[in-house]
1. Is there a pair in K182/K207; K61/K207; K56/K207 whose C-alpha atoms are over 26 Å apart, and which pairs would that be?
2. When the dipole is taken about the Cα centre of region 1-86, and only Lys, Arg (+1) and Asp, Glu (-1) are charged at their Cβ, what size is it in debye, to the nearest 20?
3. Order these by the 10 Å Cβ neighbour count, fewest first: S52, S164.
4. Among the GluC sites (Glu not before Pro) in region 1-50, which ones are in a DSSP loop with at most 15 other Cβ atoms within 10 Å of the Cβ? Mind listing them?
5. Can you give me the long-range amide H partners of I51? Hydrogens built in the peptide plane at 1.01 Å from N, cutoff under 5 Å, separation of 5 or more residues or another chain.
6. Please work out the Cα center distance from region 13-60 to region 155-214, rounded to the nearest Å.
7. Using each residue's phi in region 22-30, evaluate 6.51 cos²θ - 1.76 cosθ + 1.60 at θ = phi - 60° and report the 3J(HN,Hα) Karplus result to the nearest Hz, with x for Gly and Pro.
8. Work out from phi, with θ = phi - 60° and the Karplus expression 6.51 cos²θ - 1.76 cosθ + 1.60, the ³J(HN,Hα) of each residue of region 193-198, listed in order in whole Hz, and give x for Gly and Pro.
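Bear in mind these aren't lab numbers, they're just calculated from the coordinates by the rules spelled out. Computed from a predicted model, the values in this text were never measured in an experiment. Cβ placement follows ideal geometry from the backbone for every residue including glycine, while neighbour counts extend to all protein chains displayed.
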Amino acid sequence: MTEFKLPELGENVHQGDLVRLMVAPGATVAEGQPVMELETDKAVVEVPSSISGTVKDVLVKQGEKLKVGQVIFTIENGNRPTTRSSSERAEPAASQPKSAPAQKAPAAPGQKASVAATQPSAPAPARARAIPAVPAETAEVAEFKLPELGENVHQGDLVRLMVSPGTRITAGQPVMELETDKAVVEVPSSVTGTVNDVLVKQGEKIKVGQVIFT
């Protein structure tokens with residue numbers, strides 16, 4: 001069971017009113033998918049999920065005042081725990097077939113049977129390793145664009161960029177600080193992967209929808 005908590009919303013922003021909740025028990029969510037709209041004293045912002053899986057319990061109600069760090073909902077059958085456990089098991093499972101062929105040469109039918117018994121388990125870890133590789137490649141070619149910043153806010157000045165080529169990022173992780181005419185806000189990433197190219201510079205004026213990095 002994994003808890004999704006309200007992430008940091010920006011400098012000096014510690015709470016907000018839940019305008020709209022976009023998930024319900026039984027709904028499937030993915031990393032980076034918007035799951036709620038929150039109204040702070042500075043703007044109305046969409047909050048993306050930092051985890052993937054199936055929503056089990058929703059612990060808040062529309063119109064409720066939420067604080068940073070508060071549990072919003074719980075997730076079961078999450079992708080992260082499954083991937084980690086399968087990859088951890090993949091290493092010892094993969095080592096068994098290596099020792100089995102070494103015994104296969106000197107020995108007879110009994111050992112062949114044990115090799116055959118371990119072979120079905122070998123493809124399973126191989127598939128488990130392939131699962132995380134696919135999103136990693138997709139993330140490298142994905143474009144991260146400046147999301148909506150709030151009502152009537154269409155651009156801002158890049159105060160600080162927190163990533164560079166080669167940096168590993170996850171969905172929900174703050175990647176830049178942007179100064180609008182209303183406030184200085186931290187902007188979280190909606191994608192997970194390794195930064196390939198950064199297409200903006202510190203101090204540059206950036207518009208909503210502009211590509212920041214790939």
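1. K61/K207; K56/K207, as the Cα separations exceed 26 Å there.
2. Computed about the Cα centre, the dipole is about 260 debye.
3. Ordered from fewest to most neighbouring Cβ atoms within 10 Å, S52, S164 come out as S164, S52.
4. The qualifying sites are E8, E11.
5. G32
6. 21
7. Values per residue, Gly and Pro as x: 9, 10, 8, x, x, 6, 9, 10, 10 Hz.
8. Ordered by residue, 3J(HN,Hα) equals x, 10, 5, 9, 10, 9 Hz.
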